[in-house]
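**Q** Sharing a structure, written as structure tokens. Questions coming.
Any read-out appearing in this document is the output of simple, stated calculations on the displayed coordinates, not a laboratory observation. As the structure is a prediction and not an experimental result, all values here were calculated from the model. A quick note on method: Cβ atoms are made from the backbone with ideal geometry, for glycine too, and the neighbour counts reach across all protein chains shown.
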Amino acid sequence: MTDSKSLVRISNVVKHFDISGGFLDRISFSGGRPSLTTTTVKALNDVSLDITQGEILSVVGESGCGKSTLGRTVLGLYPPTSGEIAFRDTRIDNLSARQMLPYRRKMQMVFQDPYASLNPRMTVRQILEEPTSFHFPDLSRSQVQDKVAEVMRQVGVDPAWAGRYPHEFSGGQRQRISIARALMVDPEFIVADEPISALDVSIQAQILNLIMDCQERFGLTYMFITHDLSVVEHISTRVAVMYLGTLCELADKKNLYGEPQHPYSRALLSAIPRLGSKGFSHMRLKGEVPTPINLPPGCVFHTRCPFTEERCRREIPALRTLPNGSRAACHALEEGRI
Amino acid sequence: MRLWKRFRSSYFLYSFLHDPVAMGSFAILAFLTLAAFGAPVIAPHNPYDTTTINIMDSEIPPVWMEGGEQNFTLGTDAQGRDMLSTMLYGMRISLIIGVGATLMQAVIGIVLGLLAGYKGGRVDSFLMRMADVQLSFSTLMVAIFLSAIFQAIFGVAAFERLAVPFLVLVIGIAEWPQYARTVRASVLAEKKKEYVEAARVMGLPAARIMWRHILPNSMSPILVLSTVQVAHAIMSEAALSFLGLGMPITKPSLGSLINSGFDYIFSGSWWITMFPGILLVLLILVINLLGDWVQDVLNPKLYKG
């Protein structure tokens, strides 16, 4: 991957959430002496990722693996604990709110729950006009209204309905409006945080097509967060597999679905049910996902990995490029054991 | 036009029209408010105009009792003022102070509650501890303190002139934590919702997110609280006036009227205390009943056991 093509670069991002609570909750007695303990959830551990202009990068993983945290950290909703985020080679994670404004316009988000992501007290027109008149104060009122009508038509919602409130729309229509809100400021990069998970299956396809349609028409780049592997196969250019706040594997869609490398990716992909297959042929993992409060030392996957060796328990594996072009973080792969 | 249409078909109006208590309370409250603010037009006498008051008319009983006069329907007080007119003027003052003090509380409480809830962390801790401290003083104590200081510094004459704004200020300051806590609680619930995150991704400034996005969605608990607080402020004012720390006797509110009549109750002039008392109870009762109904409409999840 060359630097010139990368639109968003995530370098060594760590995000820890402090959940230790108030002063009294933090006091604990160890060995007869009172001490203050801090409890942190290690949501992201040293994640590095380049998002290339024009691609749809899917981020997959099970619940609680840090996919959404990654998306929100990229957009600056959460400040990273350490690490850098760059947009077109400009570091953006340390900017003030004012300096950040031009980048806010370039990076937008589509949310999971179409029932919570639209302000229930604002009409669709107000919802769509607000970002436009905020980011383009030079536009006249009629220009803003024209733009609202144009974008509404593009996402397939009749502009005549602009005066209605979000609760008057169905889930799919609301998600269209949510996409329209992101498109209002002419973004280049959109983080889609499980945009179809809350929708009916029949509507999911429509929204996916809309998302892909917008990509073609406006040259958008997406970071598509989901746990639906068949959707990933349908729309992505590349896929990032995450486990417990760590990036396991980053591969082209074909490579990942054809020959998954990392043991976790293999287990994940073997769990996709196939039509016509008999019995359970999927690779079974033992145990449970460890808590992100107490991460296992070494490779985070070693407690469940069938290929664990001594080194996996000690040393955190780095992301390495493999012969087929995929990148995976695994000692066993590096040593050629699997 | 559109708003009116929405209102016509709203559940709010529907439930109002199907609740006789709410309609009755609203009718009485509307009548009382109109009577109070129309006092200069409809009152038979002007109690503020000392030239029309004759001390010889003092303590005349209501018209249906022996010794009552046609001119004074509900009798007169110890200074010869017509009770009905004085009560109407007094109710106007009570209502102004009640609504004014509630507005004052709402402004302070909403601003601080939004800040505490949205910013969180230290700002939140500081403001909420301040609210705790404020709540640990009772309203009356704060008012007694401040009015004693005020009267000592500026003199009783200045106090008589500035009594209304002073009472609004005192009751407003003493009760703002009620609003701050209610607003904070609902901000904490709202700010986790995705539409607030969407506004943040948009880069909108915090103040705008708080006012335009979070506050409109926190309005229903604020509305419910407001009805309770208006009644509460009127009562606080009455209590202060009864203690002689509120409205002066030259410009009596309902509370100071009750107080002024209290000295004559054992000499048989019960009407000086009774009529303003009944009016005060009625006023607060209908406000509270309306508040109860508003709460039921806006919080359908709240069941009364």
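**Q** Loop only by DSSP, 12 or fewer other Cβ within 10 Å of the Cβ. Give me the GluC sites (Glu not before Pro) in the range B:28-81 that pass, ordered by residue number. Show your work: numbers first, answer last.
**A** Working: sites: B:GLU59, B:GLU66, B:GLU69; in loops: B:GLU59, B:GLU66, B:GLU69.
Listed in order of number, the matching sites are B:GLU66.
**Q** In nanometres, what is the gap between the two model label sites at B:ARG161 and A:VAL201, each 7 Å from Cα along Cα-to-Cβ?
**A** Those two pseudo-labels are separated by 8.0 nm.
**Q** Provide the per-residue ³J(HN,Hα) series for the range B:144-155, in order, calculated from phi with Karplus coefficients 6.51, -1.76, 1.60 and θ = phi - 60°, each as a whole number of Hz, with x at glycine and proline positions.
**A** 4, 3, 5, 6, 4, 5, 4, 5, 5, 7, 9, x
**Q** Provide a whole-number value for the mean count of partner chain Cβ atoms within 10 Å of the Cβ atoms in peptide B:189-196. Provide the component values of the computation, followed by the final result.
**A** On the way: counts 0, 1, 0, 1, 8, 13, 14, 3.
For peptide B:189-196, the averaged partner shielding equals 5.
**Q** Averaged over A:115-121, how many beta carbons belonging to a partner chain fall within 10 Å of each residue's beta carbon?
**A** Partner Cβ neighbours, averaged per residue: 6.
**Q** If a/c stays under 1.5 just call it rounded; otherwise compare a/b with b/c (prolate if a/b is bigger, oblate if not). Do that for the range A:118-224, with a ≥ b ≥ c from the square roots of the Cα gyration tensor eigenvalues.
**A** Numbers: a/c = 1.87, a/b = 1.25, b/c = 1.50.
Taking the square roots of the gyration eigenvalues as a ≥ b ≥ c, the range A:118-224 is oblate.
**Q** What are the extents of the Cα atoms of chain A along their three principal axes, listed from largest to smallest and rounded to whole Å?
**A** Sorted largest first, the three principal extents are 67, 60, 40 Å.
**Q** Next question. Work out from phi, with θ = phi - 60° and the Karplus expression 6.51 cos²θ - 1.76 cosθ + 1.60, the ³J(HN,Hα) of each residue of the range A:175-191, listed in order in whole Hz, and give x for Gly and Pro.
**A** 3J(HN,Hα) across the range A:175-191, in whole Hz: 5, 4, 5, 4, 5, 4, 4, 5, 6, 4, 9, 6, x, 10, 9, 10, 8.
**Q** With the cut-off at 1.5 for a/c, could you classify the range B:37-129 from its C-alpha gyration tensor as rounded, prolate or oblate?
**A** Prolate is the answer for the range B:37-129, as a/c is 1.5 or above and a/b outweighs b/c.
**Q** Does the range B:68-207 come out rounded, prolate or oblate, given a ≥ b ≥ c as the square roots of the eigenvalues of its C-alpha gyration tensor, rounded meaning a/c under 1.5 and, failing that, prolate meaning a/b above b/c? Intermediate results must be reported in sequence, preceding the final value.
**A** Values: a/c = 3.64, a/b = 2.22, b/c = 1.64.
Taking the square roots of the gyration eigenvalues as a ≥ b ≥ c, the range B:68-207 is prolate.
**Q** Output the 0 to 90 degree angle, nearest 10, between the alpha-carbon long axis of helix B:20-37 and the longest principal axis computed from the alpha carbons of chain B.
**A** 60
**Q** Here's a follow-up. If the cut-off is 24 Å between C-alpha atoms, which lysines fall inside it for A:LYS286, apart from same-chain ones fewer than 8 positions away?
**A** Result set, ordered by chain and number: A:LYS42, A:LYS67, A:LYS278.
**Q** Compute the projected area of the convex hull of the Cα atoms of the range B:190-305, averaged over all viewing directions, and report it in nm² to one decimal place.
**A** Details: hull surface 45.0 nm².
Result: 11.2 nm².
**Q** Here's something else I'd like to know. Of the chymotrypsin sites (Phe, Trp or Tyr not before Pro) in the range A:194-280, which ones lie in a loop per DSSP and count no more than 12 other C-beta atoms within 10 Å?
**A** For chymotrypsin sites (Phe, Trp or Tyr not before Pro) across the range A:194-280 that sit outside H, G, I, E and B with at most 12 neighbouring Cβ atoms in 10 Å, the list reads A:PHE280.
**Q** Here's something else I'd like to know. Can you compute the FRET efficiency between B:ALA189 and B:SER138 using 1/(1 + (r/R0)^6), with r the Cβ-Cβ distance and R0 = 30 Å? Round to the nearest 0.05.
**A** Result of the calculation: an efficiency of 0.55.
**Q** Can you give the Rg to Rh ratio of the range B:247-289, both from alpha-carbon atoms, with Rh computed by the Kirkwood formula?
**A** That ratio is 1.05, to two decimals.
**Q** Say R0 is 22 Å: what FRET efficiency, to the nearest 0.05, do B:SER10 and A:GLN126 get from their beta-carbon distance?
**A** Numbers: r = 19 Å, r/R0 = 0.88.
Given R0 = 22 Å and the Cβ-Cβ separation, E is 0.70.
**Q** So how compact is chain B: Cα radius of gyration and Dmax in angstrom?
**A** When restricted to Cα atoms, chain B yields Rg and Dmax of 22.6, 77 Å.
**Q** Can you tell me the Rg and Dmax of the protein assembly as shown, counting just the alpha carbons, in angstroms?
**A** Computed over the Cα atoms of the protein assembly as shown, radius of gyration and Dmax are 33.9, 115 Å.
**Q** I'd like the mean, over residues of B:206-217, of how many other protein chain beta carbons sit within 10 Å of each residue's own Cβ.
**A** Per residue, the number of nearby Cβ atoms from other chains is 2 on average.
**Q** Could you list the chymotrypsin sites (Phe, Trp or Tyr not before Pro) in the range B:213-305 that lie in coil according to DSSP, counting only those with at most 11 other Cβ atoms within 10 Å of their Cβ?
**A** B:TYR303
**Q** Same structure again: Provide, in order from the shortest bin, the percent of all Cα-Cα pairs of the range A:171-316 in each 5 Å bin, continuing until the bin that contains the maximum pair distance.
**A** All Cα pairs considered, the percentages come to 2, 8, 15, 17, 16, 15, 11, 9, 5, 2, 0.
**Q** Pairs A:LYS147/A:LYS253; B:LYS119/B:LYS193; A:LYS147/B:LYS191; A:LYS15/B:LYS192; A:LYS5/A:LYS106; A:LYS15/A:LYS254: which exceed 25 Å Cα-Cα?
**A** Working: A:LYS147/A:LYS253 35 Å; B:LYS119/B:LYS193 15 Å; A:LYS147/B:LYS191 29 Å; A:LYS15/B:LYS192 19 Å; A:LYS5/A:LYS106 16 Å; A:LYS15/A:LYS254 30 Å.
Beyond 25 Å: A:LYS147/A:LYS253; A:LYS147/B:LYS191; A:LYS15/A:LYS254.
**Q** For A:ASP146 and A:ASP228, FRET efficiency with R0 = 35 Å and r from the beta-carbon atoms, rounded to 0.05?
**A** Values: r = 36 Å, r/R0 = 1.03.
Step by step, r from the Cβ atoms, then E = 0.45.
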